[in-house]
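Comments concern the structure below.
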Ligand SMILES: Cc1cc2nc3c(=O)[nH]c(=O)nc-3n(C[C@H](O)[C@H](O)[C@H](O)COP(=O)(O)O)c2cc1C
């Protein structure tokens with residue numbers, strides 16, 4: 001079973017920062033991240049993952065003061081991973097990079113640098129950006145439309161990987177006696193000329209330890225699945241119903257095949273939001289404690305943004321969701337939340353409480369044994385290759401998973417007892433592309 005540790009600064013729950021055991025400055029607290037990274041490594045996670053967005057949420061300061069709460073200040077993630085590389089040895093280090101608001105040369109260089117610094121433990125999650133307020137920081141009145149963002153993302157990934165391949169593995173001889181630094185025949189420019197990018201190359205560093213640092217993709221819409229099939233080694237999904245995950249995994253593998261890749265080389269990891277207790281009652285109490293810390297205005301604005309930044313003001317909180325207008329934001333999450341409301345007949349208030357916690361991801365509440373049963377059910381039936389674990393609050397939620405659930409998974413022979421390889425590709429059983 002593959003496992004990633006999803007590290008939202010204070011934890012994935014929207015009210016986590018208010019929990020008494022969570023440092024309120026979590027996102028800017030390097031000691032906190034060091035502790036988390038070391039705990040995840042002690043647990044032998046394949047990798048840790050840092051989500052990202054290049055903007056505070058909120059169109060104006062009033063809205064910002066209510067909604068920014070879940071993106072309270074946080075370090076730029078690749079910079080943070082560079083520092084975490086120095087305080088860990090084996091765990092994979094991954095973070096989100098938006099193809100909408102970056103240039104591929106910068107990205108190729110930063111992620112390859114991290115791969116060199118960490119000895120082959122780097123990965124990037126290629127997203128097209130969800131948070132609409134990012135646009136305001138890059139000279140745009142709104143995101144480019146959904147299809148255009150994915151179009152750019154495809155070319156972006158092609159350029160990044162092309163740059164990683166501009167040098168042969170054995171190009172840098174650095175022969176002092178002969179005065180030869182590299183072998184000129186073993187480098188080529190990229191000379192990419194496309195619709196969005198013109199990049200000559202080569203990259204200004206040797207090929208990195210993994211050749212290609214691990215590429216993650218997390219969009220579930222049609223274009224998202226196409227991008228995953230074309231580029232991803234690992235695919236995250238928020239699907240929480242078995243049939244949906246099965247269909248999603250089949251689509252992703254079919255897309256990989258269409259792009260001439262081995263469909264079995266892609267690893268599908270489902271998001272899981274766990275409340276772990278020594279008893280079920282203790283787990284439920286942990287969940288309730290966080291739910292009680294949600295301020296209604298925060299819950300409502302969070303729901304509005306998960307639904308594609310719709311306006312829910314004026315709606316009766318104890319009534320059902322209204323008919324929603326079309327949105328240019330992420331599609332799959334919105335569909336998932338709308339369906340959850342309809343299936344379970346939830347009022348807006350009930351829905352925001354639900355969404356504020358797991359935000360559409362699969363929530364599991366119980367003991368180590370019951371949670372291991374739920375994970376085993378999905379993994380054992382071949383539905384997914386593993387999970388991206390989203391502790392509700394940090395560090396407590398990660399400690400619980402590492403100290404209670406992982407020993408149970410090991411007892412069942414489902415998870416490693418030691419790291420065998422050195423690179424993230426090794427952990428994930430992915431081949432290193434040679435050049
Ligand atoms: C586990 C997981 C992590 C994600 N992390 C980020 C992130 O850090 N930043 C971001 O903008 N989007 C993130 N996303 C959102 C997706 O990349 C994608 O934008 C979203 O699912 C909408 O895409 P779609 O319209 O193709 O479904 C994440 C999604 C999942 C399932």
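Every read-out reported here was derived from the displayed coordinates using simple, explicitly stated rules and does not represent laboratory data. The structure displayed is predicted, hence computed values, not measured ones. Every residue, glycine among them, receives a Cβ derived from its backbone with ideal geometry; neighbour counts consider all protein chains shown.
Quick notes on this one:
- The stretch between residue 279 and residue 312 holds 8.1 nm of extra length on full extension. This uses 0.36 nm per residue minus the Cα-Cα distance.
- From most to least packed by mean Cβ count within 10 Å, the peptides 308-321, 335-348, 106-119 give 106-119, 335-348, 308-321.
- Segment 234-324: translational diffusion in µm²/s, Stokes-Einstein, Kirkwood Rh over Cα pairs, 20 °C, 1.002 mPa s: 127 µm²/s
- Taking 0.36 nm per residue of separation and subtracting the Cα-Cα distance, full extension of the segment from residue 265 to residue 377 would add 38.2 nm.
- Calculated [θ] (222 nm, deg cm²/dmol) that DSSP helices of n ≥ 4 give over the chain, each run adding -39,500 (n - 2.57): -11500 deg cm²/dmol
- Mean shadow area of segment 317-372 over all directions, Cα convex hull, nm²: 4.8 nm²
- Packing-based order for 148-157, 232-241, using average beta carbon neighbours within 10 Å, highest first: 232-241, 148-157
- Compactness relative to 2.2 N^0.38 Å, alpha carbon Rg of segment 55-212: 1.23
- Fully extending the segment from residue 342 to residue 106, taken as 0.36 nm per residue of separation minus the present Cα-Cα distance, adds 80.6 nm.
- Per-q log10 I(q)/I(0), segment 141-213, q = 0.14, 0.23, 0.28 Å⁻¹ (Debye; single scatterer per alpha-carbon; no solvent): -0.55, -1.00, -1.21
- Whether segment 386-426 is rounded, prolate or oblate, judged on the alpha carbon gyration tensor where a/c under 1.5 counts as rounded: oblate
- Each semi-axis of the equivalent ellipsoid for segment 206-286 is √(5λ) with λ an eigenvalue of the Cα gyration tensor; in descending order they amount to 31, 18, 9 Å.
- Normalised per residue, the volume of the convex hull around the Cα set of segment 1-55 (Å³): 100 Å³
- Both the radius of gyration and Dmax for the chain are 21.6, 79 Å, in that order, over alpha-carbon atoms.
- Value in Å of the Kirkwood radius, where segment 367-435 supplies the Cα pairs that are averaged: 13.7 Å
- Debye-formula intensities of segment 279-435, expressed as log10 I(q)/I(0) at q = 0.11, 0.15, 0.17 Å⁻¹, are -0.60, -0.95, -1.09 (one equal scatterer per alpha-carbon, no solvent).
- Ranked packing of 73-80, 193-200, 98-105, most packed first, by mean Cβ within 10 Å: 98-105, 73-80, 193-200
- With Cα atoms, 0 to 90° folded angle of helix 296-306 axis to the chain main axis: 50 degrees
- Label-point separation, residue 324 to residue 243 (7 Å along Cα→Cβ), nm: 2.0 nm
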